[in-house]
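Engineer: My structure is below; once you've seen it, I'll send some questions.
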Amino acid sequence: MDLSEKIVLVTGAASGLGAATALVCAQSGASLFLIDRDSEGLHSTQAKIREFGARSEIYLFDLAERQACFDAVVAAIRSFGALDALCNVAGIVQFHHVRDVTAEDWNRIIAVNLSAPFYLSQAAIPALLRRHGSIVNVASAGGINGAAYIVPYSVTKAGLIQMTKSMAMEFMNEPIRINAIAPGTMD
């Protein structure tokens, strides 16, 4: 996979699948705009990216706010001059019995796992259309099959799958690809 001269925005880049996504893109030659709210983790990912000789910028912010999502896309484009791909990887999973899920937990998980990918996509689509770019949303097998003790997470991932399908249909005749992947449990 050759991503040289491509600019990729990755959310959740401080750890886990987000960091792994950023590293694979860096190995393939992409320049990366890394987003997370974990400063230490972002700096760690950025240091590993430098080992591949790839360029990266970090952006520390909380995905729970609409304006912050738009600001992040503007910052990415300002940093690199364009945007070729948006990887919505960030997500919150909490294990609770449904009776113990608080309104605060529910609202935060919905904001980060579902609203943020929508707002980031909304903000990024004009730039992605100019470059015939891509959106990749990381859903979950839990969004297809459901799962006990992670009801809010499963709901958001099911919503992300349907959002991806609906957006892809809306843009099917335009130069943009919008896809989701739905991995199962991983290390």
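Engineer: May I ask you to list pairs of residues, at least six apart or on different chains, whose Cβ atoms are under 6 Å apart, with the first in segment 119-143 being surrounded by 15 or more Cβ atoms within 10 Å (Cβ to Cβ) and the second being of a type in the set (D, E) and not in a strand (DSSP E or B)?
Structural biologist: R131/D84; G133/D84
Engineer: Considering only helices (runs of 4 or more DSSP H) fully contained in segment 1-89, which possess at least 3 residues that are within 20 Å of P126 (Cβ to Cβ) and free of Cβ contacts under 8 Å to residues at least 24 places away in the same chain? Outline the logic, then answer.
Structural biologist: Details: elements: 16-27, 39-51, 66-80.
Helices (runs of 4 or more DSSP H) meeting the threshold: 66-80.
Engineer: In segment 2-48, how many residues are within 16 Å of L86 (Cα to Cα), open to solvent by less than 10 Å² (accessible area, probe 1.4 Å) and not small (G, A, S)?
Structural biologist: The number of residues fulfilling the criteria is 8.
Engineer: Does N179 satisfy the criteria of being among the polar types (S, T, N, Q), in contact (Cβ under 8 Å) with a residue 40 or more places away in the chain and surrounded by fewer than 16 Cβ atoms within 10 Å (Cβ to Cβ)? First the steps, then the outcome.
Structural biologist: On the way: among the polar types (S, T, N, Q): yes; in contact (Cβ under 8 Å) with a residue 40 or more places away in the chain: yes; surrounded by fewer than 16 Cβ atoms within 10 Å (Cβ to Cβ): yes.
Against the criterion (among the polar types (S, T, N, Q), in contact (Cβ under 8 Å) with a residue 40 or more places away in the chain and surrounded by fewer than 16 Cβ atoms within 10 Å (Cβ to Cβ)), N179 qualifies.
Engineer: Within segment 138-161, track down each residue that is polar (S, T, N, Q) and closer than 19 Å to S121 by Cβ.
Structural biologist: So the first thing to find is which residues in segment 138-161 are polar (S, T, N, Q), and the list is 140, 145, 154, 156.
Within segment 138-161, S140, T156 qualify.
The values are calculated or read from the model by the stated rules, or taken from the named source; none is laboratory data. Values in this document were obtained by computation on a predicted structure and should not be read as measured data. As a convention, Cβ positions derive from the backbone with ideal geometry for all residues, glycine included, and neighbour counts pool all protein chains shown. The protein model used for the area step is the full one, side chains on, heavy atoms only, and it has no ligands, DNA or RNA in it. Shrake-Rupley method; radii C 1.70, N 1.55, O 1.52, S 1.80 Å.
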